[in-house]
Amino acid sequence: MTTSVHSKQVQLDQGNKAVVPEQLTPTLSVVQAAVKAFCDKYEFGDEEREGLRKLGFRMGDALDTVTEIEWAVSGLAPLHRRRVLSAWNTEKSLAL
């Protein structure tokens, strides 16, 4: 993850200007942004997002090849897993 610094100028006593950091905001990589958009689109909660993170999921990965042991490592409960697979299948069919 990278960090983006937003700045603003502030007036100093003798007319000099200084740049002062306004806010540090993390920015997402392209890969992270794509996964976030997928999760947002299907209204996934923290559980699904965390499970996908634990799997190391990136858009384009074949979730139908994830083994039972790998699903167990993800920590996703059965209904969370079904929602993720249903969304993934929908995305897969839209790409055709």
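What follows is calculated from the coordinates using simple rules that are stated; it is not laboratory data. What you are looking at is a predicted structure, and each value in this text was computed from that prediction instead of being measured. Neighbour counts are summed over all protein chains in view; Cβ atoms, including those assigned to glycine, are modelled from backbone coordinates with ideal geometry.
The length gained on full extension between residue 70 and residue 41, counted as 0.36 nm times the residue separation minus their Cα-Cα distance, comes to 8.0 nm.
Projecting label points 7 angstrom from Cα along Cα→Cβ for residue 34 and residue 95 puts them 0.8 nm apart.
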